[in-house]
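Report on the structure given below.
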There are 2 protein chains.
Amino acid sequence: MKIAVLGTGGGARCHIAKLAGLGHEVHVGTRDPEATLARTEPDMMGTPPFKDFLAEHPGITLHTFGEAAAASDGLVINGIDGHNAVAALSAIAGRLAGKTLADYAVPYIYNPDIERPWPTPWGVNPILDPCDSDSLGEQIQRALPATKVVKAFVTQEQATVVDPKSIGGGDHTMFVAGEDSGAKQQVTDLLTSYGWSDVLDLGGIVAARGMEMYAHMHGAIGFALGFGTHFGIKVVR
Amino acid sequence: MKIAVLGTGGGARCHIAKLAGLGHEVHVGTRDPEATLARTEPDMMGTPPFKDFLAEHPGITLHTFGEAAAASDGLVINGIDGHNAVAALSAIAGRLAGKTLADYAVPYIYNPDIERPWPTPWGVNPILDPCDSDSLGEQIQRALPATKVVKAFVTQEQATVVDPKSIGGGDHTMFVAGEDSGAKQQVTDLLTSYGWSDVLDLGGIVAARGMEMYAHMHGAIGFALGFGTHFGIKVVR
């Protein structure tokens with residue numbers, strides 16, 4: 001398949017490398033391809049320059065967000081950070097029309113001026129906006145009514161989403177939510193090709209609220225286990 | 001041990017019956033014992049009258065909230081609904097001083113006049129207040145500075161909290177959070193006596209935010225599996 005991945009950060013690279021390894025034609029979107037390729041230093045998260053990543057993964061094409069979305073034959077993965085996702089995706093709404101958009105963004109706000117940050121033992125955590133009575137997944141779906149938005153991948157690190165068997169033999173649970181059953185099946189098929197055997201459909205895109213709000217629990221579990229420990233959650237029934 | 005359980009609802013009864021079965025002296029607190037005993041009809045959740053429950057579980061004493069807390073020799077379980085918990089517990093702060101308070105309340109707001117309820121496939125879900133930048137667990141700890149608050153039990157149905165082996169052989173994860181290590185150990189010991197083998201300490205009471213916010217995810221999973229399906233979550237690492 002021709003699959004587009006929007007974003008060049010660490011999470012997006014997990015999908016890009018995995019999809020290329022599975023034999024897909026991967027079209028990567030970034031705001032400004034020239035600027036992305038010009039970078040020679042790691043970013044603030046310590047992620048190496050994308051140029052180095054491309055050199056190690058031949059056959060991947062870098063485009064603008066819109067060009068990458070247009071090159072997809074049906075599936076687009078959104079790896080644009082939560083704070084910028086709605087604006088960036090709205091700008092290419094026409095290119096995303098009719099396509100499935102798998103979204104794993106968390107609507108974190110890192111603004112140090114927020115009124116009540118979350119003071120944790122491991123520093124100050126961001127807050128979520130939207131939260132509780134709305135979600136980023138729903139905002140994206142409202143902004144792109146012709147696109148089939150599927151919230152997915154959001155409850156784990158992307159390194160383990162693309163390699164579920166790296167944890168506990170792979171016996172953990174991935175969740176999908178969205179309004180279109182066919183689109184959810186498309187994302188579920190992708191997950192199956194990644195190695196997932198337990199994908200749970202949580203219903204409509206409204207379930208993105210719980211999935212995104214799980215971010216704080218995920219952070220707390222990660223801190224409890226020790227940073228760098230990979231983990232997933234299994235729905236035991 | 002002499003253990004107090006505050007509340008007479010379905011969740012509280014799970015703990016009351018289990019603790020009595022384990023040989024503890026159980027002191028149950030309610031706002032107005034006479035009114036509680038006078039009820040002869042099931043409540044709005046379909047829970048039978050408490051009088052019937054007491055008849056089936058001899059040796060359990062019903063008190064006011066304050067009397068029950070005073071009768072505990074160290075451990076109190078809070079089963080008062082989230083909306084009323086801070087006020088009801090603050091009113092008996094002296095009786096709870098020095099004791100461990102295991103709290104599993106979710107700060108749901110069921111007010112039908114809320115501005116943005118959560119319209120789900122299964123109806124309208126409540127919203128959480130506080131949420132994201134504060135939690136009920138923290139509110140209770142701030143209101144009762146002399147009490148050792150431990151957020152626990154909140155990520156599952158109480159019927160499965162007291163009987164973890166009823167699901168998947170018991171291999172799932174329970175979480176505790178709070179400021180006092182001894183109190184968390186006390187609650188962990190109780191959980192061990194319930195049959196838990198995987199209790200994860202998430203750190204300070206601030207982690208109650210993620211634990212309470214998991215409620216929406218829990219609801220969505222429950223709906224996906226079908227109402228009445230018992231389930232837990234296992235942190236797979």
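The values are calculated or read from the model by the stated rules, or taken from the named source; none is laboratory data. It should be emphasised that the depicted structure is a prediction, and the values quoted were computed from it without experimental measurement. FYI the Cβ positions are ideal-geometry reconstructions off the backbone, even for glycines, and counts take in every protein chain you see. Areas reflect the complete protein model, heavy atoms only, side chains present, ligands, DNA and RNA absent. Shrake-Rupley method; radii C 1.70, N 1.55, O 1.52, S 1.80 Å.
General observations
- Within the stretch B:68-89, residues that are at positive phi have Cβ atoms under 9 Å from residues that are assigned to a helix (DSSP H, G or I) and open to solvent by 10 Å² or more (accessible area, probe 1.4 Å) in these pairs: B:Gly74/B:Gln186, counting only partners at least 6 apart in sequence or on another chain.
- Filtered residues of the stretch A:166-198 (kept if within 11 Å of chain B (Cβ to nearest Cβ) and either in contact (Cβ under 8 Å) with a residue 24 or more places away in the chain or in contact with an Asp or Glu (Cβ under 9 Å, 6 or more places away or on another chain) (or both)): A:Ser166, A:Ile167, A:Gly168, A:Gly170, A:Asp171, A:His172, A:Thr173, A:Phe175, A:Val176, A:Ala177, A:Glu179, A:Asp198
- Subset of the stretch A:77-89 [open to solvent by less than 50 Å² (accessible area, probe 1.4 Å) and either assigned to a helix (DSSP H, G or I) or farther than 28 Å from A:Glu212 by Cβ (or both)]: A:Gly82, A:Ala85, A:Val86, A:Ala88, A:Leu89
- Remark: A:Asp201 matches the filter, which requires a residue to be farther than 19 Å from A:Gln158 by Cβ and touching a helix residue (DSSP H, G or I) at 6+ places or on another chain (Cβ under 7 Å).
- For the stretch A:93-109, the candidate set comprises residues that are part of a loop (DSSP other than H, G, I, E, B) and touching a Ser or Thr at 6+ places or on another chain (Cβ under 8 Å); within that set, the residue that is surrounded by the most Cβ atoms within 10 Å (Cβ to Cβ) is A:Pro107.
- Any hit, the stretch A:187-202, residues being open to solvent by 10 Å² or more (accessible area, probe 1.4 Å) and under 17 Å from A:Ile140 (Cα atoms): no
This table checks each residue for (1) more than 10 Å from every other protein chain (Cβ to nearest Cβ); (2) more than 30 Å from B:Gln185 (Cβ to Cβ); (3) at pLDDT 90 or above; (4) in contact with a Phe, Trp or Tyr (Cβ under 9 Å, 6 or more places away or on another chain).
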{"residue": "B:Gly98", "(1), (2), (3), (4)": "yes, no, yes, no"}
{"residue": "B:Ala105", "(1), (2), (3), (4)": "yes, no, yes, no"}
{"residue": "B:Tyr110", "(1), (2), (3), (4)": "yes, yes, no, no"}
{"residue": "B:Asp113", "(1), (2), (3), (4)": "yes, yes, no, no"}
{"residue": "B:Pro117", "(1), (2), (3), (4)": "no, yes, no, no"}
{"residue": "B:Pro121", "(1), (2), (3), (4)": "no, yes, no, yes"}
{"residue": "B:Asn125", "(1), (2), (3), (4)": "no, yes, no, yes"}
{"residue": "B:Pro130", "(1), (2), (3), (4)": "no, no, yes, no"}
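- Elements of the type helices (runs of 4 or more DSSP H) sitting completely within the stretch B:152-237 and holding at least 1 residues that are touching a Lys or Arg at 6+ places or on another chain (Cβ under 7 Å) and not aliphatic (A, V, I, L, M): these cover B:181-194, B:208-225.
- Failed criterion for B:Glu157 (all others in (1) under 13 Å from the mean Cα position of the chain (by Cα); (2) open to solvent by less than 10 Å² (accessible area, probe 1.4 Å) hold): (2)
- When residues of the stretch A:126-151 are limited to those that are touching a residue at least 24 places away in the same chain (Cβ under 8 Å) and in a helix (DSSP H, G or I), the one most open to solvent (accessible area, probe 1.4 Å): A:Gln139
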